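Here is the structure we will look at.
The values are calculated or read from the model by the stated rules, or taken from the named source; none is laboratory data. Not measured: the values here are computed from a predicted model. Neighbour counts are summed over all protein chains in view; Cβ atoms, including those assigned to glycine, are modelled from backbone coordinates with ideal geometry.
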Amino acid sequence: MSEMEEVKVGVTWRHIVVTALATGVAAILAIYAVIAAPVAPFPGVSGLYLAAAIYVPLSLWLGMWGCLAGYFSCVILGFVSGFGAWSFYWSLADLFEGLVPLLAFRIMKADVDIGANLERKNELYIILAILVIDLIIAAIATAIPGLEILWLVTLIIAVILIIGMYIINPSKSWLLYVIFGIFGAAIVSALFGISGLVFIGIAPPESFWIGVIGWFAGDLIVLSAIATPLMVALTGKIKQTSVFVENWFS
Amino acid sequence: MISTLSKTFFSYIPSTNIMAKLHPITKISLVFVLSIIPFIMNNIFDILIIFFMVIILILLTKIPLFSKHFKKVIIAFLSVNVSIFIVWCLLSEREGSVVFFESTIVLIKDKWIWHILITETTIFYAARISLRVIIMFFVMLFFFISISDRDLIHGLRSIKIPFAVCLMISITFRGLAMFQNEYSIVKEAMMTRGVEFQKISIPKKIKNFISIFIALIVLMFKKTEDMSASIESRGIPLRSEKRTVYQSFPFKKKDYFITFILLSFFAFSVYLFLIKKSFISLIISLFM
């Protein structure tokens, strides 16, 4: 054989085991987060959902297995919170939270290693922190009627900050992660999760925006402050392991 | 040293009562049906019937509700339930004939006005949701106490759920207990090295959490390598359809009977929901 052949590895026990263990880790953090920072009157909702900091990076490292870990961890949280069979529906919020960045990275064919060749790290983190605060204000402005101008201002600031980030660190992966891995993931899961609670009837429809803001802000903080450093620090190393998933399942 | 098999996320209490002898799938069906039905029913008296059924279930399972361990869980749950009730009263505006309380709080002038209106309809809605949440809580308590994770896996295997899926569920529950322990070990190890967790600023707290998470993720990948190597070295194929199991959990006559009753009750509840009638009104009309 003169040339090296590319060997495609299918689904192995490693993927099954890592999903199961990741579910365990995420479920523990989810239960801990709900006890430590609950958002009343939403059982199972946390203002600082630490589990998201694990399963969003995992979805980028392990593909659909990471998304499933997020889903199953939320099912367990739902069981513990007393949602019964409704957990299977409500937990789709966490599945989508992992799926949004995964879809973005796979469709755009971007490298998940957001930490590779990272330029001016400190400035990037400062802009990211400002962006998170700006987005929380934007979410509050969306919920309160009559604050459309504030919403527009925060939106313009967010766009400027994202452009600023790209100028400082011209990386497609970083940009995709900030837009879809932090903002996209948090907003999709918050809207679906709280809609689910309102649909089931646990939360009154009038409290929809309070729930969405609590969920969105909690996820935004966790994803930017914890998941981002995890992505930067570990992606390079995890890419070298046999568990890393390049496509969707293997 | 505690055996890995005894480390479990479930609060299973071994028992010889009638509920313990049921097939795990029958217990799972009970959990599913009893947690869905209260949401199909709109009449509070119908929901009360389900509540009493769940109480009977709890009594039959002989759950030591007033033991020290469960007292804490129940108190925590009741405080959550009370908060749901209060927030429902404060946030939902439901018109009614009797007004108990009405007030307007101006948070931002002309923009954010919070109108509190507590009527008998508000109380009805709040009480109904509280009752539903109580039912779901007790049903889940029944689930975690009457089923061990091993029973669950054997039950799933008995209805031909693929071996890989069952093993995954089993590892998940083992992983839960394992990482609960690992989390404390990593945190304590950091504390013995002088890392402060309590009286520190939020950025430092986040930094410490990142350190714990990195340790947990590295541990998770290491354990994945070990476990998957162990499974592969035993020659267990990923897709094995004819795999046999040592324990057998036959579906007995009483399991068929209870499952049939449950499914019929579920179908009847859906029917009542579709014709917009309540269980109580149907009974009354039968006797009048």
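What the table shows:
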| item | result |
| --- | --- |
| Set A:164, A:115, A:196: member being closer than 18 Å to residue A:47 by Cα and either within 14 Å of chain B (Cβ to nearest Cβ) or free of Cβ contacts under 8 Å to residues at least 60 places away in the same chain (or both) | A:196 |
| Members of the stretch B:175-193 that are modelled with pLDDT under 85 and charged (D, E, K, R) | none |
| Residue A:39 more than 7 Å from chain B (Cβ to nearest Cβ) and in contact with a Ser or Thr (Cβ under 8 Å, 6 or more places away or on another chain) | yes |
| Failed item, numbered, when residue A:85 is tested on (1) at the interface with chain B (Cβ under 8 Å from one of its Cβ atoms); (2) out of contact with any helix residue (DSSP H, G or I) (no Cβ under 9 Å at 6 or more places or on another chain) | (2) |
| So residue B:223, is it at the interface with chain A (Cβ under 10 Å from one of its Cβ atoms) and either surrounded by 13 or more Cβ atoms within 10 Å (Cβ to Cβ) or in a helix (DSSP H, G or I) (or both) | yes |
| Sole residue being within 10 Å of chain B (Cβ to nearest Cβ) and among the acidic types (Asp, Glu), chosen from A:246, A:206 | A:206 |
| Residues that are surrounded by fewer than 17 Cβ atoms within 10 Å (Cβ to Cβ), in a helix (DSSP H, G or I) and in contact (Cβ under 8 Å) with a residue 40 or more places away in the chain, drawn from the stretch A:210-250 | A:233, A:236 |
| Qualifying residue in the stretch B:240-251 (condition: closer than 30 Å to residue B:57 by Cα and of a type in the set (S, T, N, Q)) | yes |
